[in-house]
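J.: Handing you a structure now.
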Amino acid sequence: MSIATFQTDRLGANPFVVDGPFVSGSGVPSPQFALGSTTWGDREAEFVFCRLVLASQTTLQPGQWFQWTRDYDASLLTTAAAVLGQRCGVFAGAAQPPTITGGPVGAITLAAGTYYIWLQRNGQAPAQITTATAALVVAETTATAGVANAPASATVGTKAIANVNFAAANQTFTASTTNGSPILTNLSGVSVGSGPFIGAAVSGTGIPGGATISGVTYTPSGVIQSITLSANATANGTGITITATGVLEATLMRPFLSKTN
């Protein structure tokens, strides 16, 4: 994923801070930026400032897909709610001071209310995906809120998401496991830009079925130091090949909902 490395929450836009909830009449100024404002980061990243109104408690995960209106009102993307012509992008992760670290950050659970978030529309980013076919330049919506699909052939009735590309159908890396521990160490083949990302499903020797990545630890310089799983490893292992799916690096090129399949 991408990081706005040359901007901070003190000096300018920080796309990993979620503003809100804001209550009308509270005296708290909102929003912090004009709706539709943009900010930039490395790896060609562009983020757009949008309003998000939640009717109930919602957990936002890195890579979730959103669409937004011309008034920059955002909503989680689903086939049923998708509006042709609307722009779309992904939520790149969230943090609140003082927990901002050297690397990208993770999920955030929000109560019902009005929030303002930065959504990524360009560059390299994590994207939640059920199936990824490499080298396609189009994806599609699904019935699951925030999750896209990129099969080899389009699914009838879905909405096409133009201008998104996946380099591979999954990601593999190596790590050491410790029996009874959820921590993966001695990592190789990982990076801040290409992942693996929080929420990805993982499999490999000593990794229990259904395990996902629940946390990533970074050094102060932003290098991935360790990965935390949702379940403990069942064996000791060194140089274990692990496959990650479900949240993969995507190349976004200002995606939009182009047609009904």
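J.: Give SER226, SER258 a once-over and let me know the one that is open to solvent by less than 30 Å² (accessible area, probe 1.4 Å), of a type in the set (Ser, Thr, Tyr) and on the phi < 0 side of the Ramachandran plot.
T.: Working: SER258 fails: open to solvent by less than 30 Å² (accessible area, probe 1.4 Å).
Being open to solvent by less than 30 Å² (accessible area, probe 1.4 Å), of a type in the set (Ser, Thr, Tyr) and on the phi < 0 side of the Ramachandran plot holds for just one of SER226, SER258, which is SER226.
J.: Among the strands (runs of 3 or more DSSP E) contained in region 192-260, which hold 2 or more residues that are in contact with a helix residue (DSSP H, G or I) (Cβ under 6 Å, 6 or more places away or on another chain) and touching a residue at least 12 places away in the same chain (Cβ under 8 Å)? Steps first, please.
T.: Details: elements: 201-203, 213-218, 224-229, 237-245, 247-260.
Because the criterion is at least 2 residues that are in contact with a helix residue (DSSP H, G or I) (Cβ under 6 Å, 6 or more places away or on another chain) and touching a residue at least 12 places away in the same chain (Cβ under 8 Å), no strands (runs of 3 or more DSSP E) in region 192-260 meet it.
J.: Under the condition of being at positive phi and assigned to a loop (DSSP other than H, G, I, E, B), which residue from region 143-165 is least open to solvent (accessible area, probe 1.4 Å)?
T.: Initial filter on region 143-165 (at positive phi): 146, 157, 163.
If we keep only those that are assigned to a loop (DSSP other than H, G, I, E, B) too, we end up with 146, 157.
Details: GLY146: 0, GLY157: 38 Å².
Applying the filter and picking the extreme gives GLY146.
J.: Output the residues belonging to region 67-78 that are outside any loop (DSSP other than H, G, I, E, B), touching a residue at least 24 places away in the same chain (Cβ under 8 Å) and either among the basic types (Lys, Arg) or in contact with a Cys (Cβ under 9 Å, 6 or more places away or on another chain) (or both). If you could, list the steps in order and put the result at the bottom.
T.: Of region 67-78, the ones outside any loop (DSSP other than H, G, I, E, B) are 67-68, 73-76.
Applying the additional criterion that residues be touching a residue at least 24 places away in the same chain (Cβ under 8 Å) yields 67-68, 74, 76.
Answer for region 67-78, where residues must be outside any loop (DSSP other than H, G, I, E, B), touching a residue at least 24 places away in the same chain (Cβ under 8 Å) and either among the basic types (Lys, Arg) or in contact with a Cys (Cβ under 9 Å, 6 or more places away or on another chain) (or both): GLN67, TRP68, ALA74.
J.: As an exercise: evaluate GLY193 against (1) open to solvent by 20 Å² or more (accessible area, probe 1.4 Å); (2) under 16 Å from the mean Cα position of the chain (by Cα); (3) not β-branched (Val, Ile, Thr) and give the number of the one condition it does not meet.
T.: Of the numbered conditions (1) open to solvent by 20 Å² or more (accessible area, probe 1.4 Å); (2) under 16 Å from the mean Cα position of the chain (by Cα); (3) not β-branched (Val, Ile, Thr), the odd one out for GLY193 is (1).
J.: Now a separate question. Identify the single condition in (1) at pLDDT 95 or above; (2) open to solvent by less than 30 Å² (accessible area, probe 1.4 Å) that TRP118 does not satisfy, given that it satisfies every other one.
T.: Here TRP118 clears every test but (1).
J.: Kindly indicate which of THR172, THR185, THR219, THR177 is among the hydroxyl-bearing types (Ser, Thr, Tyr) and crowded, with 21+ Cβ neighbours inside 10 Å.
T.: From the options THR172, THR185, THR219, THR177, the qualifying one is THR177.
J.: Does region 45-66 include one or more residues that are more than 23 Å from ALA112 (Cβ to Cβ), open to solvent by 50 Å² or more (accessible area, probe 1.4 Å) and not in a strand (DSSP E or B)?
T.: Checked region 45-66: no residue is more than 23 Å from ALA112 (Cβ to Cβ), open to solvent by 50 Å² or more (accessible area, probe 1.4 Å) and not in a strand (DSSP E or B).
J.: Open to solvent by 30 Å² or more (accessible area, probe 1.4 Å), modelled with pLDDT under 95 and more than 19 Å from the chain's Cα centre (by Cα), is that true of SER203? Walk me through it before giving the result.
T.: Numbers: open to solvent by 30 Å² or more (accessible area, probe 1.4 Å): yes; modelled with pLDDT under 95: no; more than 19 Å from the chain's Cα centre (by Cα): yes.
Considered against the rule, which asks whether it is open to solvent by 30 Å² or more (accessible area, probe 1.4 Å), modelled with pLDDT under 95 and more than 19 Å from the chain's Cα centre (by Cα), SER203 comes out as no.
The values are calculated or read from the model by the stated rules, or taken from the named source; none is laboratory data. Computed from a predicted structure; not experimentally measured. Neighbour counts run over all protein chains shown; Cβ positions are idealised from the backbone, glycine included. SASA here: full protein model, heavy atoms, side chains in, ligands and nucleic acids out. Shrake-Rupley method; radii C 1.70, N 1.55, O 1.52, S 1.80 Å.
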